[in-house]
Every structure is written in C-alpha cells, then in structure tokens.
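Encoded as structure tokens, the structure appears first; notes follow it.
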Amino acid sequence: MKILAIETSCDETAVAVIDDYAILSNIIASQIDVHTQYGGVVPEVAARSHIEVMLPVVETALKDAKCTWNDIDAIAVTRGPGLIGSLLIGVLTAQTLAVTKNKPLIGVNHIFAHAFSAFLTEHKPKFPILALTVSGGHTTLSLYQENLEREVLGTTLDDAAGEAFDKVAKLLGLPYPGGPEISKIAKLGDKLAYKFPVARLGRESLDFSFSGLKTAVLRQVQEIKATSGKDDLSTQTTANIAASFEHAVVTALVQNTLKAYVRTKPKSLVIGGGVAANSYLRQELLAVLPKAIFVPPVLCTDNAAMIGAMGLQMAQNGMYTQPSELVANPVLNDI
Ligand code: KG4
Ligand code: ZN
C-alpha cells in the first residue's frame, strides 16, 4: 500500500511517500533558518512558510518516489497536536488532494506517529509497545496495544524535554534549536562538574518535571557570571554546564523508562521524537535496556515518513476519515 503523508505541525513542511514500511521519498523543507533569527518558532511565520512550499514539496515527494497520483492508495496527514496555523495548512492540503485525486484520507496524531516511526526500521516493534516520546512539545511514556489504543503512563508536569534543551541552550548563548547544540558542546564537558537536580515525584510516579532543572541551570549561570564579573561563560564552563544538564535530563528519562518497562513488560520498547536523536540518551538507555529500538536521527525529528507509518497502521484498522470531517486539533490527545 502506497501512502502519501503530510506533516506540518510545527516548523517543518514535510511530505513522504511510503510503500508499506519502505520509504520511497522523505522530503523535509526546514524553516530553521527563518526562525533562528527570532531564537524560536514564530507561529505566524511558520504558517506562512508552509503555504509557500507546501505544493512544491508534495510534487518533489512524488517525483523522488517515482510515483504519480495513480500509484497512491491513500493520503495521511498530521491533524494534531501542534501549532494551529501550521496544522491547518497540512490538513487543508490533504483534504483538497483527497477530494480532487479521489483518495481515502487518514488523520494522524503526531505523538503516536513519533512512536510508530520505529516501524520504518528493520527492527519492527511488536505489541504491546512501550514508547518514550521526547520532543520539543511532549515528553510521554505510553503503552500502545495492537488495536492502537494508548495508555499514557507518565508525562511531563511542566516543560517538555526538548523545550528544556532549547531553553537552557538560550541561557548558554547557543543558537536554536538547542538540543543538537547542547549535545555537541556537552561532548567536550564534564557531566559531573555541576550537580543539577533530577525531579523526584514519588516512587510510583512515571511523570517528569524539568522546570526546576532549568531554574537550577539559570542560577548556576548567574552565579558564575557574578563571581567572574564577566558577561560571557568560557567555552569549557559552557561545555561543563551543558554536559551536567544533559546528564540530569537523561537520568530522569532513563530512570522512568526503566521503571515503566519493568512494570508493563512490553514486547518492544521504542524511543521517538527529536530528543531521541541525542547520542548520550541512546548510550545510557541502551546500557540498561539493550533491546530498545532507536530510529535514525532523521526519523526522530519531525518528518512525514512517520506520519505515513502511523497512517498505514490506521489504514489496516480501517480508521479513515471523510475529507469534510477531518479537523485540525492543536491539543489532540487521542488517536
Ligand atoms: O520531534 P521534534 O522534531 O519536534 C517536535 O515535535 O517538537 O523535536 C524537536 C526537539 C527540539 O526541542 C530539539 O532541540 C530537540 O528535539 N532535539 C534534540 C536533539 N535533536 C533535536 N535534543 C537533544 N539532543 C539532540 N541531539
Ligand atoms: Zn515532533
């Protein structure tokens, strides 16, 4: 089954064509350059940029896949959660194409798709699947059943993991998006240089909290600047703070994932979302849970192939939507 998938929930205009779980094309038009100058994503700018490139990206995805519309069996699109202006461009495009090209339509939850991106690897997960989804907007531990039901076991009470990376990077004077920058400089630092707090939310809890950690980093940076009388941090100090911060985030993620794994005994464990591209997280998690499935970094950050993978699962469960009934939902929670 060939699916053309569209993803526009944030600042990437992405279109992919998948043939079952084989990726025929995976085009990602990133707006990072546009948003870097503002230090983060500006929703109105994101929506306008999606409009400009949406149809050319669809055309390129078809061309790269060596497909015409005749070859496409269904269209899948992210309908939430995300920025409403951005979601609307993808949803309206998919609705229009579904009607004009006469294709069945599938509305996909972006967070589910991050977990199901693992189906695009050679290690296909088996149900029940425990998924740690760590992105710029979400940090969730969920258990997925074969009928695509999801039980949320734990979630963040404040900042998402990726958001914490982005905010701390800003504090350290590193560019947006902060995750890859922190990861890069942390490799030069000492993770034990500073002891940043890992939130303790009770023995039974699988929730996360990163706002205290972010404040602790802010206080540390202020103290160093006050003591040195300088407005900048040295490269080594920046690297030490980055490494110590990354260590605290990863410790929290690994601790709860291990607890959830022991509690739920899943057949597979998958790690998805932008922060799953983090090499220290991979190293530490694989050390305790060697069977964890990590997808390649290009499938961790936002992409449309993962929307196709989730769309395929939904198609197999007959979960289609009439074009006139598809609604973009910025706070979508269920499937
Ligand atoms: O999944 P994603 O592309 O978009 C959302 O759905 O939010 O995740 C983006 C997030 C950003 O916060 C970014 O800083 C973070 O993922 N990220 C990383 C790394 N690469 C991307 N965080 C830590 N280490 C990385 N290597
Ligand atoms: Zn995402």
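The values are calculated or read from the model by the stated rules, or taken from the named source; none is laboratory data. All values reported here derive from a predicted model rather than from experimental measurement. Quick reminder, even Gly has a Cβ in these numbers, built from the backbone with ideal geometry, and neighbours come from all protein chains shown.
Among the residues of region 63-86, those identified as closer than 21 Å to SER49 by Cβ and touching a helix residue (DSSP H, G or I) at 6+ places or on another chain (Cβ under 9 Å) are VAL77, THR78, ARG79, GLY80, PRO81, GLY82, LEU83, ILE84, GLY85, SER86.
For region 226-257, the set of residues classified as surrounded by fewer than 15 Cβ atoms within 10 Å (Cβ to Cβ), farther than 17 Å from LYS170 by Cα and small (Gly, Ala, Ser) consists of ALA226, SER228, GLY229, listed by residue number. Within the span defined as region 170-181, one or more residues are under 21 Å from GLN283 (Cβ atoms), among the charged types (D, E, K, R) and surrounded by 15 or more Cβ atoms within 10 Å (Cβ to Cβ).
Within region 142-157, the set of residues being surrounded by 16 or more Cβ atoms within 10 Å (Cβ to Cβ) and within 16 Å of ligand 1 (Cβ to nearest atom) comprises SER142, THR156. Taking residues in region 2-30 that are on the phi < 0 side of the Ramachandran plot, and partners anywhere that are among the aromatic types (Phe, Trp, Tyr), the pairs with Cβ atoms closer than 9 Å and at least 6 places apart or on different chains are LEU4/TRP69; TYR21/PHE119.
Would you point out which residue out of ALA131, ALA164 is in contact (Cβ under 8 Å) with a residue 60 or more places away in the chain, within 15 Å of ligand 1 (Cβ to nearest atom) and not in a helix (DSSP H, G or I)? Lay out the reasoning, then the answer.
Numbers: ALA164 fails: not in a helix (DSSP H, G or I).
Within the list ALA131, ALA164, the selection yields ALA131.
Entry remark, region 92-139: residues being surrounded by 20 or more Cβ atoms within 10 Å (Cβ to Cβ), among the aliphatic types (A, V, I, L, M) and more than 16 Å from ligand 2 (Cβ to nearest atom) number 7 in total.
Would you check if ALA164 is surrounded by 21 or more Cβ atoms within 10 Å (Cβ to Cβ), within 13 Å of the chain's Cα centre (by Cα) and small (Gly, Ala, Ser)?
no
Among the residues of region 271-300, the one identified as closer than 14 Å to ILE27 by Cβ and either away from ligand 1 (no atom under 12 Å from the Cβ) or at pLDDT below 95 (or both) is VAL298.
Residue count for region 254-291 under the criterion of being touching an Asp or Glu at 6+ places or on another chain (Cβ under 9 Å), farther than 14 Å from SER142 by Cα and away from ligand 2 (no atom under 16 Å from the Cβ): the result is 2. Do we find that THR155 is in a strand (DSSP E or B) and closer than 16 Å to ASP302 by Cα in this structure? No: the conditions fail for THR155.
Residues that are buried (at least 17 other Cβ atoms within 10 Å of the Cβ) and of a type in the set (Val, Ile, Thr) do occur in region 183-200. In summary, ALA16 fulfils each of the numbered conditions (1) assigned to a helix (DSSP H, G or I); (2) buried (at least 22 other Cβ atoms within 10 Å of the Cβ) with the single exception of condition (1).
Could you tell me whether region 208-216 includes any residue that is in a helix (DSSP H, G or I) and either among the β-branched types (Val, Ile, Thr) or under 30 Å from GLU122 (Cβ atoms) (or both)? Explain how you work it out, then say what you get.
First, pick out the residues of region 208-216 that are in a helix (DSSP H, G or I): 211-216.
Filter again for either among the β-branched types (Val, Ile, Thr) or under 30 Å from GLU122 (Cβ atoms) (or both), leaving 215.
Within region 208-216, one or more residues are in a helix (DSSP H, G or I) and either among the β-branched types (Val, Ile, Thr) or under 30 Å from GLU122 (Cβ atoms) (or both).
Within region 59-87, residues that are closer than 21 Å to MET1 by Cβ reach partners that are of a type in the set (S, T, N, Q) and assigned to a helix (DSSP H, G or I) with beta carbons closer than 8 Å, at six or more positions or on different chains, in the pairs VAL77/THR93.
Determine if region 58-76 includes at least one residue that is modelled with pLDDT of 95 or more and within 16 Å of ligand 2 (Cβ to nearest atom). Lay out the reasoning, then the answer.
Start the filter on region 58-76 by keeping residues that are modelled with pLDDT of 95 or more, which leaves 58-76.
If we keep only those that are within 16 Å of ligand 2 (Cβ to nearest atom) as well, we get 76.
Yes, region 58-76 contains at least one residue that is modelled with pLDDT of 95 or more and within 16 Å of ligand 2 (Cβ to nearest atom).
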